[in-house]
Amino acid sequence: MSAYNEGRRMPDKIEVFGKGTKIQHGKLNNRVYLIKIQKEDYPEVLDFISKIAEEHSYSKLFFKVPGWIVPALLKERFIIEAQIPAFYNKKADVFFMSKFLTQERLLNKEDDMLISLSKQLYEPDTSEMEIEVPDEFNLVAPDSKDAEKVADLYKQVFDSYPFPIFDPKYIKHTMENDVKYFGIETGGKLVALSSCEIDRKGQNAEMTDFATLPEFRGRKLSVLLLKQMEKIMKEDGISTLYTIARLNSPAMNKTFIRLNYKYSGTLINNTNISGKIESMSVYYKHV
C-alpha cells in the first residue's frame, strides 16, 4: 500500500490486493477505481471493494477490466461506459465499467459539454496537424532529477488531480515504474508536460497528464508532445495507445480527434481534476 501527501488535498490511496490486483480509492474522487485485476483474486476482490465503498460511503465504483469478468459485473448492475478493442496484446478488449451508488453521481452530468462533444465527433476537423517544433522550444525527456520541476508545473496548472502528481516523491516513483515523461522547455524553463503510463505486458500505454502553463497555451504544444509520445511508444513496441481526456477541455478532445484517435465512450462524473469531479472521454489508437 502507498499514499502520498500532495500538500493541498489528500490524494486517494493506491492499494494492492491479493496476487496483484491494483485498487485506488478515496474521498478526493469519491470512488473505488479497480485499475488492474488478477484473475486469481476473483471473486474475493469484489467483496473487498464492496466493503470499502460501504465503509466510506463512496458514490461510484469504476473498473477497468478484461472481457472475462464483464458478464458477472453486468449481473451486479454495472454499466459499460467505454470499450477499447484489441487492448491487451493486440487481442483482448478492455471495458471501462461503472456502478453508480447515488442518483446524484449519475444524473448531474455536463449535458452541454456532451452535446458539444457530439458535434465535434459528427463534424470532425480533418485539417492536418503537421507542425514543427518552434525554434524557441525544445522537446525534453524529464527524469528523476527533474521531479521537483515536474511537480511544480502540475501544481501551477491543476487545482486537484486524481493522482498525487504534485508530490516529487510520487513523480520519482512513477518514473521508476514504467511511466515516461515528455516535456517542452523554452529558455531553460519547463512549460508543458505529458506522460505515458506503459503496460509492457499488455502492449498498451495511456497518454496522460497533459499540462501547459497558461501563458503558453494556444501554441499547439500538446500536439507536439502527443506526436513525440506516439513516436517513442511505437519504437518501444506498444501497439495500443489510449487516453482519458476531460470532457470539459474541448481543445484536448480536439487534439486527439484530429490525430485520428477513435472515441469509445464517456465516463460520467468520474474524476476529480481542476477542483471538481468531471466527466472524462476515452479515445484510442492502434499503431
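Every number here is computed from the coordinates shown, using simple stated rules; none is lab data. Since the structure is predicted, the reported quantities are computational estimates derived from the model, not experimental observations. Cβ coordinates were reconstructed from backbone atoms using ideal geometry, including for glycine residues, and neighbour counts include every protein chain displayed.
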Worksheet item: Nearest 10 degrees, 0 to 90: what angle lies between the long axis of helix 111-122 and the longest principal axis of the chain (Cα atoms)?
Response: 60 degrees
Discussion item. Suppose each label sits 7 Å from its Cα in the direction of the beta carbon; what would the I79-H173 distance come out to in nanometres?
Written reply: 3.3 nm
Fill in: Mean separation of Cα contacts under 8 Å, 6 or more apart, over the residue count of segment 1-141: relative contact order %
14 percent
Discussion item. With just the Cα atoms defining each centre, how far is segment 225-264 from segment 171-201? Give it in Å.
Written reply: 15 Å
Practice prompt. Taking the Cα centre of the chain as origin, work out the dipole magnitude from +1 charges on Lys and Arg Cβ and -1 charges on Asp and Glu Cβ, in debye rounded to 20.
Written response: 480 debye
Worksheet, complete the sentence: Quick shape summary for segment 153-276, equivalent ellipsoid via Cα gyration tensor, semi-axes whole Å in descending order, reads 20, 18, 17
Item to complete: Output the peptides 177-183, 99-105, 212-218 sorted from most to least packed, where packing is the average of other Cβ atoms within 10 Å over each peptide's residues.
Response: 177-183, 99-105, 212-218
Worksheet item: Which one of S118, F137, A53 is farthest out on the positive end of the charge dipole of the chain, using unit charges on Cβ (Lys, Arg +1; Asp, Glu -1) and the Cα centre as origin?
Response: A53
Worksheet entry | C-alpha long axis of helix 221-235 to longest principal axis of the chain, angle in ° | 70 degrees
Worksheet item: For a label point 7 angstrom out from the Cα of N108 toward its Cβ, which stretches of segment 264-287 have the backbone nitrogen within less than 11 Å?
Response: 277-278
Worksheet, complete the sentence: The size of the Cβ-based charge dipole (Lys, Arg +1; Asp, Glu -1) of segment 120-198 about the Cα centre, to the nearest 20 debye, is 540 debye
Worksheet, complete the sentence: Between the residues G237, W68, S194, the Cα farthest towards the positive end of the dipole of the chain, that dipole coming from +1 and -1 charges on the beta-carbon of Lys, Arg, Asp and Glu, is from W68
Discussion item. Can you give me the distance in nm between label points at E235 and R200, each placed 7 Å from the Cα along the Cα-to-Cβ direction?
Written reply: 1.6 nm
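Between Q156 and K51, 0.36 nm times their residue separation minus their Cα-Cα distance comes to what?
Gain in length upon complete extension: 34.2 nm.
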Worksheet item: So how do M10, M97 line up by other beta-carbon neighbours within 10 Å, fewest first?
Response: M10, M97
Fill in: Theoretical FRET efficiency, 1/(1+(r/R0)^6), r = Cβ-Cβ of K145 and S274, R0 30 Å, to 0.05
0.60
Item to complete: Within 10 Å, count the other beta carbons around each residue, average over each peptide in 45-53, 192-200, and list them highest first.
Response: 192-200, 45-53
Practice prompt. Find how many whole Å separate the alpha carbon centroid of segment 61-97 from the alpha carbon centroid of segment 104-152.
Written response: 25 Å
Discussion item. At a 10 angstrom cut-off on C-beta neighbours, averaged per residue, how do the peptides 256-267, 70-81 rank from highest to lowest?
Written reply: 256-267, 70-81
Worksheet item: What is the Rg over Rh value, at two decimals, for segment 13-106, using alpha-carbon atoms and the Kirkwood definition of Rh?
Response: 0.95
Item to complete: For helix 44-56, report the angle its Cα long axis makes with the longest principal axis of the Cα atoms of the chain; keep it between 0 and 90° and round to the nearest 10°.
Response: 80 degrees
Worksheet item: For segment 1-159, what is the charge dipole size about the Cα centre, in debye to the nearest 20, if Lys and Arg each add +1 at the Cβ and Asp and Glu each add -1 at the Cβ?
Response: 1020 debye
Worksheet item: Mean residue ellipticity at 222 nm from the helices of the chain, using -39,500 (n - 2.57) per DSSP H segment of n ≥ 4 over the full residue count, to the nearest 500 deg cm²/dmol?
Response: -8000 deg cm²/dmol
Discussion item. Viscosity 1.002 mPa s, temperature 20 °C: what is the translational diffusion coefficient of segment 210-287 from Stokes-Einstein with a Kirkwood Rh over Cα pairs, rounded to a whole number of µm²/s?
Written reply: 160 µm²/s
Worksheet item: Can you give the percent of C-alpha pairs in segment 114-165 whose distance is more than 13 Å?
Response: 76 percent
Worksheet, complete the sentence: Taking a label point 7 Å from the Cα of K39 along Cα-to-Cβ, the residues of segment 56-70 whose backbone nitrogen sits under 19 Å from it are 64-70
